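Participant: Sharing a structure, written as structure tokens. Questions coming.
The values are calculated or read from the model by the stated rules, or taken from the named source; none is laboratory data. These numbers come from a predicted model, not from an experiment. Counting neighbours? That spans all protein chains shown, and the Cβs are built from the backbone with ideal geometry, glycine included.
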Amino acid sequence: MKFALIALLLFYIGCQDYNSNSFDKDRYSEIELTGGGANFKPAYKILQTRCMNCHQHAQWSGYTDAQDWVTNENLISPGPDKSLVITRIINSGEVGADMPQGGAALPASEFQTLVDWEAEYP
Amino acid sequence: MKLFLIGFLFLFSTFASAYTQFIGHSYTSCLNCHFNPSGGGPLNDYGRVVSATLISSGAFYPKTWNEEKVAYTSGFLFRKPKQDWLRTQINYRGFQVVQNPGSSKNEQKRWINMQADARVILKFGENDKFIAVGQYGYAPLPQNLEGEQTEWRSREHYVGYRPSPKVGIYAGLMDKVFGIKVIEHIAFSRIAPEVTQNDQTHGVMGHYLGEKWEMFAHGFVGNLAQDEDLRMKGGSVMVERTAFDIHRIGASVMSSKNNYQDLLSYSGHTRLNLKEGSAILAEIGQTNRKTQNGSDDRTMRYGLLQTYLRPVRGTYFLANIEYFKKDIKESDYTVRWGPGIQYFPIQRLELRLDAYNTRNFAPTSSTKDSWMYLLQTHIWL
């Protein structure tokens, strides 16, 4: 009886609720996007997959309008090669670029999609 | 008394841990030193004695202390336990991370308190056939979650019943059983199948420890603290066989899913005893992911090779090589490698330095290598 009570108590201890799957909904569910050009949707999927597991998942996943990426946190600065999103990615060749931290570089095709997406901003 | 101590030391037959390289000391199973047969978490009495004697350097002990004296100081707060049914432990691990070292513009340093927890173990019955393990404390959140969730929580709590030394069943919040449970939670072999330091799950685990074979079967329902749609439900099986008395070869398979993705992981691994505390660990595996929106359907492949060389007691030289292919259909891949040194100057203290170089290989683009080193302190009382 004593052991059973202890076992029951242990199951009620508050457990950690952050893990590798915490952002699965943000990354892998269908999200309706608005605005932007032809590259916005594929670029958003790349950000969903590669970035939003660490980066501001609640905010970034909510940037479903292309303009949100300019008005929030200046993640995209209109004009070529000024985007924070792109210059931080190690494929960019920028000194100090370190994203994704601790992970593999983006495939070249995905990096190019992000560059093409940035070019859509006037 | 000495005979009693020796008898106590050999009460269990095998050993490994989150420090799976200790197969180099001829311990093959985790159960010897940990309450959890798959390793990690609180040490049992035998594990504490081993950490104080075999693992730690004896250089700083008084010359009048023999191994028996050292062993008797391995209990909580250096005391011999006064009863059989309760054990307590305190554990702290923190490290300094330095990225881009030597760069005047881009060097980044930060201290991370990785773990600070108190552990309580209750054990009853003959050969501690009933156990209850609770572990509560601080664990850091990712920067983007700071302030949103508590950093004080339990990573592990479970009960266990071993009707015989060969068979056990455990229920509660535990690590998923899969592959080599290396201490490096950033290892690709832990990230790809999603078995990192925060990926514990509620479930039931069966364990068999035979003369040659060790087997685990783990059914899980996800982390019940999470929303139901995120919980990864499924199961895993891991089998290991002892080869030539001192080595292990094994295989794992795990299937799990939530509302947004299905994962199927499988791997093969080996742990080789090079004698005198030195060891080689190797694992190769794949994880297949299918996502609800189809945005990230791919099969990842990874490899891990670690060598631990022990020139003198208390010191281990490490070499770590990892391979990761994000998608087996693409040609890009990543190699991370680096040396390290692990030093146990006295019992309850581990100091460790790891260096990592990450290089990405892609036919159509080139990226600069990234460098990082970690200075780690681990204290357990």
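Participant: Within segment B:298-323, track down each residue that is at pLDDT below 95 and under 30 Å from B:Q261 (Cβ atoms).
Facilitator: B:R298
Participant: Any idea which of (1) modelled with pLDDT under 85; (2) within 11 Å of another protein chain (Cβ to nearest Cβ) is the one A:I46 doesn't satisfy?
Facilitator: Of the numbered conditions (1) modelled with pLDDT under 85; (2) within 11 Å of another protein chain (Cβ to nearest Cβ), the odd one out for A:I46 is (1).
Participant: Would you point out which residue out of B:L274, B:L281 is more than 14 Å from chain A (Cβ to nearest Cβ), out of contact with any strand residue (DSSP E or B) (no Cβ under 6 Å at 6 or more places or on another chain) and touching a residue at least 24 places away in the same chain (Cβ under 8 Å)? Working first, answer last.
Facilitator: Values: B:L281 fails: out of contact with any strand residue (DSSP E or B) (no Cβ under 6 Å at 6 or more places or on another chain).
From the options B:L274, B:L281, the qualifying one is B:L274.
Participant: Moving on to the next point. If you take the residues in segment B:304-336 that are over 25 Å from A:R27 (Cβ atoms) and within 14 Å of chain A (Cβ to nearest Cβ), which one is nearest to the chain's Cα centre (by Cα)?
Facilitator: Selected residue: B:N320.
Participant: Follow-up question, since we're still on this one. Has segment B:50-66 got at least one residue that is at pLDDT below 80 and among the hydrophobic types (A, V, I, L, M, F, W, C)?
Facilitator: Looking only at segment B:50-66, we keep the residues that are at pLDDT below 80, and these are none.
No, there is no match, as no residue in segment B:50-66 is at pLDDT below 80 and among the hydrophobic types (A, V, I, L, M, F, W, C).
Participant: Still on this structure: Would you mind stating whether B:G203 is closer than 23 Å to B:K233 by Cβ and of a type outside the set (D, E)? Steps first, answer last, please.
Facilitator: On the way: closer than 23 Å to B:K233 by Cβ: yes; of a type outside the set (D, E): yes.
Against the criterion (closer than 23 Å to B:K233 by Cβ and of a type outside the set (D, E)), B:G203 qualifies.
Participant: Quick check on segment B:220-268: of everything there that is of a type in the set (F, W, Y) and over 21 Å from B:V204 (Cβ atoms), which residue is surrounded by the fewest Cβ atoms within 10 Å (Cβ to Cβ)? Reasoning before the result, please.
Facilitator: If we filter segment B:220-268 for residues that are of a type in the set (F, W, Y), which is where we start, we get B:220, B:244, B:260, B:266.
Subsequent filtering for residues that are over 21 Å from B:V204 (Cβ atoms) retains B:244, B:260, B:266.
On the way: B:F244: 7, B:Y260: 22, B:Y266: 18.
Among residues in segment B:220-268 that are of a type in the set (F, W, Y) and over 21 Å from B:V204 (Cβ atoms), the one surrounded by the fewest Cβ atoms within 10 Å (Cβ to Cβ) is B:F244.
Participant: Can you tell me which residue within segment A:33-43, out of those that are under 13 Å from A:D116 (Cβ atoms) and outside any loop (DSSP other than H, G, I, E, B), is farthest from the other protein chains (Cβ to nearest Cβ)? First the steps, then the outcome.
Facilitator: Step one: of segment A:33-43, the residues under 13 Å from A:D116 (Cβ atoms) are A:36-43.
Those still in the list that are outside any loop (DSSP other than H, G, I, E, B) too: A:40-43.
Values: A:F40: 14, A:K41: 10, A:P42: 9, A:A43: 12 Å.
Checking each candidate, the answer is A:F40.
Participant: Let me ask something else. Just give me the residues in segment B:186-205 being of a type in the set (A, V, I, L, M) and either in a loop (DSSP other than H, G, I, E, B) or surrounded by fewer than 24 Cβ atoms within 10 Å (Cβ to Cβ) (or both), in sequence order. Give the steps one after another, and end with the answer.
Facilitator: Within segment B:186-205, the first condition is being of a type in the set (A, V, I, L, M), and the residues that meet it are B:186-187, B:191-192, B:195, B:204-205.
B:I186, B:A187, B:I191, B:A192, B:V195, B:V204, listed by residue number.
Participant: Would you check if B:D296 is in a loop (DSSP other than H, G, I, E, B) and within 13 Å of another protein chain (Cβ to nearest Cβ)? Break it down into steps so the answer makes sense when it comes.
Facilitator: Values: in a loop (DSSP other than H, G, I, E, B): yes; within 13 Å of another protein chain (Cβ to nearest Cβ): yes.
Answer is yes for this residue.
Participant: Go through segment B:75-102 and give me each residue that's assigned to a loop (DSSP other than H, G, I, E, B), within 14 Å of chain A (Cβ to nearest Cβ) and in contact with a strand residue (DSSP E or B) (Cβ under 7 Å, 6 or more places away or on another chain). Even if it seems obvious, please write down each step before you answer.
Facilitator: Of the residues in segment B:75-102, the ones assigned to a loop (DSSP other than H, G, I, E, B) are B:75, B:79-85, B:100-102.
Next, from what is left, pick out any that are within 14 Å of chain A (Cβ to nearest Cβ): B:85, B:100-102.
The answer is B:W85, B:N100, B:P101.
Participant: Does B:E184 satisfy being of a type outside the set (G, A, S), within 22 Å of B:H269 (Cβ to Cβ) and either out of contact with any Ser or Thr (no Cβ under 6 Å at 6 or more places or on another chain) or touching a residue at least 60 places away in the same chain (Cβ under 8 Å) (or both)?
Facilitator: Numbers: of a type outside the set (G, A, S): yes; within 22 Å of B:H269 (Cβ to Cβ): yes; either out of contact with any Ser or Thr (no Cβ under 6 Å at 6 or more places or on another chain) or touching a residue at least 60 places away in the same chain (Cβ under 8 Å) (or both): yes.
Against the criterion (of a type outside the set (G, A, S), within 22 Å of B:H269 (Cβ to Cβ) and either out of contact with any Ser or Thr (no Cβ under 6 Å at 6 or more places or on another chain) or touching a residue at least 60 places away in the same chain (Cβ under 8 Å) (or both)), B:E184 qualifies.
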